[in-house]
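Every read-out reported here was derived from the displayed coordinates using simple, explicitly stated rules and does not represent laboratory data. Keep in mind it's a predicted model, so treat the numbers as computed, not measured. With ideal geometry, Cβ positions are generated from the backbone for all residues, glycine too; neighbour counts draw on all protein chains shown.
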Amino acid sequence: MTIDYSRIINAQTDGYDIQAYQQIKAEKGFVKKQFPFKKMAGMYVHTWKSTEEMGAPFNDNDIQLRRVEQEAERAVPVIWNTIKSLVDVYMPIHLDTDGNEYSCQHASREYPNSWIVMAPLCDDPVITVRNMYHEMIHWKFTALGFGKGVSPEVFDMLHTTDEFVLNPVSELHHSIVNSYPDTAQPSVGGKPTGRPISASLHALGSFLGEAEVAMKFVQYNPQKYYSWLGYAKKWGDRLDESLEAIMMGTKTTAKGAQLLLGLYRWTKDYQEEYNDTLKTLSKLM
C-alpha cells in the first residue's frame, strides 16, 4: 500500500487513515492480543498502573462508558470510528478535584506496540472524546517517527525524523500551545517559548482535533453542548498564526510536504465549518 500522507492525520470518512495505520502498526510489530477486560466500542478498558503511578484514580464507571459510546456514535461518527479502530486500550481516569483535565499516551510491557490512551471519564462525553482523539493523534505522529517513541522506558515527541522533516531538534518553532502565555506548559517553565518542529506538529494536530470534536458536539446538540463552542473558538483563533509558522518554518521531504498539505486542508476545512456553524446557530438560537 502506497500511503498518501496528506490523508492520515485527521479521521477520514472512507476510513483511509485507519487502513494506513493498521498497516504501519503491523510493520512495527504490533500483534493484537485478547485480554479478559471489559470493552467500550471494541477497545479494552484497563490499566496496568497503580493509583499512585497514574496520578489520578482509575474510573471504570459503566454508565459513563456507555454514555460516551452512545453520544460519540451520534455526534462524531467518523472520528469515533477512527478512535475505536486504532486505539487498543482506553485507561479512563477521574477529573481532578478542580475539574482539570489530564490525558496522555501510555505504553505497557503487557501489550507491546499497542496504542493505549489515558483520558478523563466523567458525565460529559465531550471531555472524554476530545482527549481520546488528542492522544490518538499523538500516536499517529509517533508511529511516523515524530519523537523517539513511547515505551515503558522512553517518552519523547521532540526529536524529528528525516523521513518527513529535516529541521534539527535544537531549532525552535511556534507552538499552538507553548507559544501562548495562558497555555505554556510547566515543562517549558510556564512561559511562552518555541518548540522543536516535531513537538509543534504534534501540538497543532492534537489541538485541532480537540477543537473539531468540540464543534461537532455543538452541531449535534446545540442546547446540550453549546458551551463547547467557546473551546472550539479558543484553539481555532490560533490556527492561522500556528499553521503559517509551521508551513514557513518546516524543512520537508516529499513525504513531509504531503503531510503538511493534509494539515493545511484539515485546518481550512475546520475553519470553514466553524464559521458556517456559527452563522447557522446565530439564526437558530
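With the highest mean first, a sort of the peptides 260-270, 148-158 on other beta-carbon atoms found within 10 angstrom per residue produces 260-270, 148-158. Shape class for segment 50-153: oblate, because the ratio a/c of the largest to smallest gyration tensor axis (alpha-carbon atoms, square roots of eigenvalues) is 1.5 or more and b/c is at least a/b.
Averaged over residues, the count of other Cβ atoms within 10 Å places the peptides 213-220, 252-259 in the sequence 213-220, 252-259, highest first. A value for percent of Cα pairs over 26 Å apart was derived from the coordinates, and within the list [x] 42; [y] 53; [z] 38 it appears as [x]. Straight-line cross-link partners of Lys28 among the lysines, defined as a Cα under 21 Å from its Cα and at least 8 positions apart when in the same chain: Lys84, Lys140, Lys148, Lys255. Classified by the C-alpha gyration tensor, segment 130-240 has a prolate form. Its axis ratio a/c, with a ≥ b ≥ c, is 1.5 or above, and a/b is larger than b/c. Between segment 265-284 and segment 19-35, the C-alpha centres lie 35 angstrom from each other. Taking 20 Å as the straight-line reach from the Cα of Lys39, the aspartates and glutamates in range (excluding those fewer than 8 positions away in the same chain) are Asp60, Asp62, Glu69, Glu71, Glu73, Asp88, Glu110, Asp123, Asp124, Glu135.
Please compute the length gained on full extension between Thr253 and Lys191, using 0.36 nm multiplied by the number of residues separating them and subtracting their Cα-Cα distance. Mind dumping the intermediate values first?
Values: separation 62, 0.36 × 62 = 22.32 nm, distance 3.17 nm.
Length difference between fully extended and current span is 19.2 nm.
Entry note, segment 1-157: relative contact order of 22 percent, from Cα contacts under 8 Å with a spacing of 6+ residues.
Can you check what the net charge comes to around Gly262, using other residues whose Cβ is under 10 Å from the Cβ of Gly262 (Lys, Arg +1; Asp, Glu -1)? Please list the in-between numbers first.
Values: positive: Arg7, Arg265; negative: Asp4, Asp17.
It works out to a net charge of 0.
Among the helices of the chain (complete DSSP H runs), which have Cα atoms covering no less than 20 Å along the helix axis and a Kyte-Doolittle mean of at least 0.0?
Details: long enough: 125-144 (29 Å, 0.13); 197-220 (34 Å, 0.70); 254-284 (45 Å, -0.74).
Counting only whole DSSP H runs, the qualifying helices are 125-144, 197-220.
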